[in-house]
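The values are calculated or read from the model by the stated rules, or taken from the named source; none is laboratory data. Please read these numbers as outputs of a predicted model, since none were measured by experiment. So basically every Cβ, Gly included, is an ideal-geometry build from the backbone, and we count neighbours across all protein chains shown.
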Amino acid sequence: MKYSTIAAALTTAALLLSAGCSSTPAGTASTGGKTIVYAIASSQAKYGGLPEKIAAWEAKTGNKIKLEPIADNYESVVSARLAGGSGVDIFAGAYDKFDPEATMLEIDPAPFKSRLTSASLETLTFTNGKVYAYPKPDPMYTFGVFYNQDVFTAAGITTPPKTLAEMDAAMAKIKAAGKTPMYMAGKDGWTLLQHRNAVYYTLTQEDPKVWDKLNNNTIKFTDLKNFTTQYDAMADWAKKGYINSDFLTATYEGSEKAITDGDAAMFIQGSWVLGEMAKMKPEAKIGFFPLPTQSGNSQIGVSAQGGGNHIAKTSKVAKEAADFLQYLIQPAQVTSFMETLPGIPAFNDAPLPNNAPTALKTVTEYIEKKQSTEDGDNRYRVPAPDQDQIALYQEMLAGRITAADFSAKFTDACIKNGAAQGLPGF
Amino acid sequence: MASPSRTTIRNSYPLYFLAPALVIFTIFFIGPAIVGMQLSFTDATVRSMNPKWVGWDNYIKLFTATGGNIWNAIGNTLIYAVLVSVVKTSLGIAIALFLYMKFKGRNALRALIYMPIMFSAVVIGILFNYILKPDGPLNAFLKLIGLGFLQQNWLGSFDIALYSVVGVDSWVYVGWTVVIVLAALGGVPKDCLESADMDGAGPIRKFFLIRLPLIWGSVTIAFLLTIISGMKVFDLIYTTTGGGPGYSTQVISTFIAKSLGSGLLGFASAASVLQFVFISIISMIIQGLISWKARD
């Protein structure tokens, strides 16, 4: 009796274990069973309802997405894992942070090419003309000046400035009206680099081939008037007290609050702030204009949502990974992303929702009027020495170095990084 | 008489017991250190699949191609390490002497002094970022007690940010020195102190002529270990100032972290080896000075 009870218990346990080991989820008819490892920045792991979209695809195909959030140094961690062959199938990131030809599977853009806006397709194309990324379902971004329209109106400014001289005059009026003209969040150093990103957009006006020349090191940033005049202007703003006095300890969240509350007039940021500020204070009227230039010619660029989604060259589940990434960019998924995270439409068949912030409509108009250029950050092959650049911004804004020093050291840091990476010409 | 083989076996006991620890130490410490040193002589980056041997190139670049940043980092590291060691050791001795006296609530106070060590550096960084901000509680308190002229941008000033972090480090980790000194004070023979009392020695003479010489060994160990940890500081700087503003609080560890962030593995490894050599030299010098003084 005792032995038969034990035998029955063991048999039951064995049956339960074998059922638990089955990899086919209930309710699916597919043979599926593959696991795709998707390394994602932890801040984006829940963007636009991504977990729900993953669950829907898993139920449809029987395959599984193993989402692995990475908190810090995303590109370094993913690169190290790719180099070690430790199972990353899908990852994101700008081309200059990786070795695309060695680590990324070449993608045939035919299935999505016709759906993409030309700006979006440009940003997915590597410098060798090939595509190594699927577009992301989240919208694209641009960089420029976002401002509180009420503060501008109260200071007597009726049209946004186009030239650096107009910008200076506008800032003087805002300061006289008792508000901070330009808010900078130096504590969160990455925010300072959004000014750099906006400056990059102005460079092709001076020379359409500027990025090819910078990539071959046949021209330097210090040779570009559009580059040096921007930093001369910024150093001047700091000297004249147009920037918040606590910029070294001010935070990103603080900057959004200062603009939405009307304590400060404007800041230079990426267009993702619009959705965040709308949630913070829906009634705040936020406008946008491109970073002014000396000549007054305005143009913006678009950023391909951080470089798109790549499939690792060594992935053993490339077919399933491609199927998942294709699923993510179907119109229903893209529209859903746009509703929760408004931004520049990357797809022709997923336009801006009607309730999108007004400033985004302004941005989209610039793109439709062809007043846009290739995104500098995406076109520059040299991995940006971000930390050095942040330190240089802080030193210049504090008046410890001049704009000329800034430009020289910025250029130097980029060239040294290019040499360290073994890029030809450096 | 035991046979030779049994004697040999008995004499080998220490090795048998040491072996597991040696194996683990070799795999997890010596091994990675050797790999790191090897990497420092290559042009390895996170992008490159085939690093090439470049000899002393990375070390030369450290001193010639960083715009003086490495010298700034070395200087800040030295200043930081010396200051935290002096502050923590002297403050630790003073607090330990106070806590050695008998009074009500002594044990609770001892626990309170030690408690900050148990918090993680991230928590401390977030906490002090709040306390030390320009409109934070510290400045508000200074204004309240009529010392408004002392208000500063504690973590945002190029001139004082490093010293602010020294203050935070000292507040958090002084308890460690207190514990060591308290234990040493417990070992001071009571009859020496009683004899000194009978000879009419006051508390200051008793401290300098009896207590301090007898606890000197523990104090120097605490000082040496504090200097070493000061030279390796990373987490507190990273969470409070991130090495900024500018380069004003950049130390060797944050320099290495920033190089790694740029994907320059070979270059960052060279900086790590430099840090190791630097700490070893400083430690040997201090240890040598202490031993020489002890022989005197």
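Odds and ends about this structure:
- A:Ser372 meets all of the listed conditions (1) more than 15 Å from A:Pro139 (Cβ to Cβ); (2) buried (at least 21 other Cβ atoms within 10 Å of the Cβ); (3) modelled with pLDDT under 80 but one, namely (1).
- Failed condition for A:Thr163, given (1) among the polar types (S, T, N, Q); (2) surrounded by 15 or more Cβ atoms within 10 Å (Cβ to Cβ); (3) more than 26 Å from A:Met266 (Cβ to Cβ): (3)
- Taken over the range A:78-106, residues that are part of a loop (DSSP other than H, G, I, E, B), more than 20 Å from A:Lys130 (Cα to Cα) and either within 11 Å of chain B (Cβ to nearest Cβ) or among the β-branched types (Val, Ile, Thr) (or both) amount to 2.
- Which listed residue, of A:Ala250, A:Ala265, A:Ala258, is of a type in the set (A, V, I, L, M, F, W, C), closer than 21 Å to A:Asp168 by Cβ and within 14 Å of chain B (Cβ to nearest Cβ): A:Ala258
- Residue identified as under 30 Å from B:Lys258 (Cα atoms) and modelled with pLDDT of 90 or more among A:Ala102, A:Ala92, A:Ala172: A:Ala92
- If you go through the range A:403-417 and pick out every residue that is within 11 Å of chain B (Cβ to nearest Cβ), under 24 Å from the mean Cα position of the chain (by Cα) and of a type outside the set (A, V, I, L, M, F, W, C), you end up with 1.
- Unique residue being more than 9 Å from chain B (Cβ to nearest Cβ), farther than 29 Å from B:Asp43 by Cα and touching a residue at least 60 places away in the same chain (Cβ under 8 Å) when the list is A:Phe426, A:Phe337: A:Phe337
- You will find that of B:Gly105, B:Gly148, the residue that is free of Cβ contacts under 8 Å to residues at least 60 places away in the same chain, more than 14 Å from chain A (Cβ to nearest Cβ) and more than 24 Å from B:Leu182 (Cβ to Cβ) is B:Gly148 and no other.
- Looking only at the range A:122-137, and only at residues there that are closer than 16 Å to A:Gln326 by Cβ and not aromatic (Phe, Trp, Tyr), the one that is surrounded by the fewest Cβ atoms within 10 Å (Cβ to Cβ): A:Val131
- Remark: pairs (first residue in the range B:48-68, under 20 Å from A:Ser79 (Cβ atoms); second residue of a type in the set (A, V, I, L, M) and in a loop (DSSP other than H, G, I, E, B); Cβ separation under 6 Å; 6+ apart in sequence or on different chains) = B:Pro51/B:Ala44.
- Number of the exception - B:Met284 against (1) surrounded by fewer than 21 Cβ atoms within 10 Å (Cβ to Cβ); (2) within 11 Å of another protein chain (Cβ to nearest Cβ): (2)
- Helices (runs of 4 or more DSSP H) (entirely within the range B:150-241) containing at least 1 residues that are more than 30 Å from B:Ala271 (Cβ to Cβ): B:161-186, B:190-198, B:203-206, B:212-231
- Meeting the requirement of 1 or more residues that are within 14 Å of chain B (Cβ to nearest Cβ), the helices (runs of 4 or more DSSP H) wholly within the range A:163-228 are A:193-201.
- In the range B:185-198 there is no residue that is away from chain A (no Cβ under 14 Å), crowded, with 17+ Cβ neighbours inside 10 Å and of a type in the set (Ser, Thr, Tyr).
- Every residue from the range A:119-162 that is within 26 Å of the chain's Cα centre (by Cα), of a type in the set (Ser, Thr, Tyr) and modelled with pLDDT of 90 or more: A:Tyr132, A:Tyr134, A:Tyr147
- Taking the criterion of being in contact with a Lys or Arg (Cβ under 6 Å, 6 or more places away or on another chain) and assigned to a helix (DSSP H, G or I), the only residue of the range A:250-271 that qualifies is A:Thr260.
- Scope the range A:68-99; condition without any contact (Cβ under 8 Å) to a residue 60 or more places away in the chain and farther than 20 Å from B:Gly266 by Cβ; matching residues: A:Glu68, A:Pro69, A:Ile70, A:Ala71, A:Asp72, A:Tyr74, A:Ser86, A:Gly87
- Residue match in the range A:370-389 (condition: of a type in the set (A, V, I, L, M), out of contact with any strand residue (DSSP E or B) (no Cβ under 9 Å at 6 or more places or on another chain) and within 14 Å of chain B (Cβ to nearest Cβ)): yes
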